Amino acid sequence: MYELISYIYTNHRQLMTLTNMHHILILNSKGGCGKTTISVNIASFFACWGVQVALADFDKQHSSTDWLRCRSKDNPRILSVAAWQEDYHIPDEAEYVIMDTPAGLDGEAMLALLKKADTILIPILPSPLDIRAAGRLIHDIMQQYNHLPNKPRIGIIANRVRRQTKIYNSLKRFIDKLDIDFIASLRDTQNYITSTSTGTSLFELPNWKKQKDLTGWCQLINWINYNEIFEVPKLEDTA
Ligand SMILES: Nc1ncnc2c1ncn2[C@@H]1O[C@H](COP(=O)(O)OP(=O)(O)OP(=O)(O)O)[C@@H](O)[C@H]1O
Ligand SMILES: [Mg+2]
């Protein structure tokens, strides 16, 4: 079932240089930009790879926890952390902690999460309102950056992209002007909707369905792992 993940990663895991318990914060105070979708897919990616991963849900709506509750025990395990509660605990065995955050996060609450992060991922939708809101968010993060103990890497993900549109080009121009990595563009596709409804992820879909999405995801995972060490496999290699 997980031939694809094995194909890409089996030979490369030893190259990982990350320290124990790497915190990945998925952040954008704008609602509906894909924080939960990206969080659960990253968590699933690492789980499929055989890495101990915790999904820490900081959102009182607990959508990523709901997703995890739908997940079959036959799928690779993801540790659940109800982080919207004050007394949450991250299991010691977690190598990666994927932090899904709520819309509207700002001020002290945002600073508290920024301080935990080793990596910050900012999903942005190609829309004028989302681009403007992202500008304000990035300004706020940069104002706090000197107070962040881990000096996290920050990367932007363009989400729900349709490449031939003017607004996608506007989003790219906006990102190009920032001094922040533009990591990947993720397609606007029903694949996320189909998979998340059953507690699975893009990586647990059949190869023919997910093939077009793997380029963006390989760029995203490579960036998280500091090295461009993964290649997009061809379909015939993974059949
Ligand atoms: N790349 C994508 N292609 C198609 N649909 C997507 C994509 N990413 C997210 N969606 C859909 O967009 C909607 C909002 O996504 P999601 O819940 O992940 O956003 P969010 O930022 O977590 O929202 P909130 O701020 O409310 O927590 C969901 O219905 C999700 O399935
Ligand atoms: Mg969400």
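Computed from the coordinates by the stated procedures, all read-outs in this text should not be read as laboratory data. Owing to the predicted nature of the structure, the values given are computational and were not obtained by experimental measurement. Positions of Cβ are generated from backbone atoms using ideal geometry, with glycine treated the same way; all protein chains shown enter the neighbour counts.
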Original post:
Given labels modelled 7 Å from the Cα in the Cβ direction, how far is it in nm from residue 129 to residue 207?
Top reply: 4.2
Subject >> Proximal lysines relative to residue 151, as straight alpha-carbon distance under 22 Å, when same-chain residues fewer than 8 apart are discounted >> reply: 35, 115, 116, 177
Original post:
Between residue 86 and residue 193, what is the label-to-label distance in nm when each label sits 7 Å out along the Cα-to-Cβ direction?
Top reply: 4.0
**OP:** Once you've got the GNM for the chain with C-alpha springs shorter than 10 Å, pick whichever of 206, 123, 152 has the biggest mean-square fluctuation.
**Re:** 206
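Over all distinct Cα pairs, what is the inverse of the mean 1/r for the chain, reported as the Kirkwood hydrodynamic radius in Å? Let's see the in-between values first.
Values: mean 1/r = 0.0553 Å⁻¹.
Hydrodynamic radius (Kirkwood, Cα only) of the chain equals 18.1 Å.
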Original post:
Roughly how many nanometres apart are two label points built 7 Å out from the Cα toward the Cβ at residue 170 and residue 136?
Top reply: 1.7
Original post:
Per the helix-only calculation at 222 nm, which mean residue ellipticity applies to the chain, given -39500 (n - 2.57) for every DSSP H run of n ≥ 4 and division by its residues, nearest 500 deg cm²/dmol?
Top reply: -11000 deg cm²/dmol
Original post:
Under unit Cβ charges (Lys, Arg +1; Asp, Glu -1), what dipole magnitude, rounded to 20 debye, does region 18-226 have relative to its Cα centre?
Top reply: 980
Original post:
Roughly speaking, what is the stretch gain from residue 146 to residue 112, that is 0.36 nm per residue apart minus the C-alpha to C-alpha distance, in nm to one decimal?
Top reply: 10.9 nm
Subject >> Highest-first arrangement of 173-182, 49-58, 132-141, where packing means the average Cβ count within 10 Å >> reply: 49-58, 132-141, 173-182
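Tell me, what is the FRET efficiency for residue 179 and residue 73 to the nearest 0.05, using R0 = 41 angstrom and their Cβ-Cβ distance as r?
0.40
In percent, what relative contact order does region 18-226 have, based on Cα pairs under 8 Å that are 6 or more apart in sequence?
Working: 368 pairs, mean separation 51.2, N = 209.
Here the relative contact order equals 24 percent.
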**OP:** Please find, in a Gaussian network model of the chain (springs between Cα atoms separated by less than 10 Å), the residue of 165, 65, 196 whose mean-square fluctuation is greatest.
**Re:** 165
